[in-house]
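Accompanying notes for the structure given below.
Throughout, read-outs are computed from the coordinates displayed, never taken from laboratory work. A quick note: this is a predicted structure, and the numbers were derived from the prediction, not measured. Neighbour counts are summed over all protein chains in view; Cβ atoms, including those assigned to glycine, are modelled from backbone coordinates with ideal geometry.
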Amino acid sequence: MQLLCHLNPRLLHRKAVGLACLVRGMGLVLSLFITAALAQVPGVAAPDKLLAEVGHWVQQTQQLEASQFSFAPLDSRVQLQTCDRALVMDTPFAARETVRVRCLGNPSWQLYLRVLLKPGVAPGLVAPNAPASAATTGANSATAAAAVGPTRRVVVANQTLRAGSIASRDLLREVDVPAQGVELQAVSAIREVENSELVRDVQAGTPLRSFDVRRAVVVKQGQLVLLTVGQGNGFSITARVEALQDGKIGDQIRLKNPDSGRLLTGIVTGPNAARGL
């Protein structure tokens, strides 16, 4: 490589001139080296580049055209980081609309993307755990083994659930996923968390864990509650009564008949619902 160096009239000594040329030359070489190194980073960090790479993978594994699907918008709080190696992609859940993107290098991270199919479009008949395009042969073998190995039922969110929202049945579903890698605290049945309050954000398709929820106040003081008495004894009577205190599912609370003024006691069984003692 030839480097041009303009002589500076103030530099009268040849050694000084040579040193100046060398410093400038080293700066140029260093700049070119850094530029080339950045261009060779296999991972992607820009959102548009990430979506393009995942989109290409979805086309290959689900037999779709680019015009037949899109992705749900990324959470604005997600900070993408460049991966020092090729990204690994798979569909870890039975429902294939959730794509997991992982960086197995440094830093290690993972991201879930939701595929939105256009009306009338169905994904192709491809194994739900199709190997990632950038995975090695060993990783492909592990993925294939997971697809036929033991499974475990988990509860996942149908959409992104925000902290403070109530986990109602229509927002959740039960799916069977490869047991390997599933956390021990993953919830296995909707009934275990139904009507609970989310304590943190949960992304669509992400298994719900027991510590993601807490018992929620489903009956509030002053509201009317549907009280059921005698259920399980061959008959039942229901009446609208007033709650005299807040209550969570399983709590015993005081109630009042608004017509007679009689005080009652009931156990909270759901939103604005209680069972008489």
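Scanning segment 197-245 for residues that are among the small types (G, A, S) and at negative phi returns A204, S210, A216, S236, A239, A243. Taken together, F211, F235 contain a single residue that is more than 30 Å from P73 (Cα to Cα), loosely packed, with under 15 Cβ neighbours inside 10 Å and among the aromatic types (F, W, Y), which is F235.
Somewhere in segment 246-268, is a residue more than 30 Å from V115 (Cβ to Cβ), touching a residue at least 40 places away in the same chain (Cβ under 8 Å) and either assigned to a strand (DSSP E or B) or more than 35 Å from the chain's Cα centre (by Cα) (or both)? Within segment 246-268, one or more residues are more than 30 Å from V115 (Cβ to Cβ), touching a residue at least 40 places away in the same chain (Cβ under 8 Å) and either assigned to a strand (DSSP E or B) or more than 35 Å from the chain's Cα centre (by Cα) (or both). Screening segment 71-98 for residues that are assigned to a strand (DSSP E or B) and closer than 12 Å to L113 by Cβ and picking the one that is nearest to the chain's Cα centre (by Cα) gives T98.
Evaluate segment 203-215: report whether one residue or more is under 30 Å from L111 (Cβ atoms), in a strand (DSSP E or B), aliphatic (A, V, I, L, M) and out of contact with any helix residue (DSSP H, G or I) (no Cβ under 8 Å at 6 or more places or on another chain). Yes, that holds for at least one residue. For L64, the requirement of being buried (at least 16 other Cβ atoms within 10 Å of the Cβ) and not in a strand (DSSP E or B) is met.
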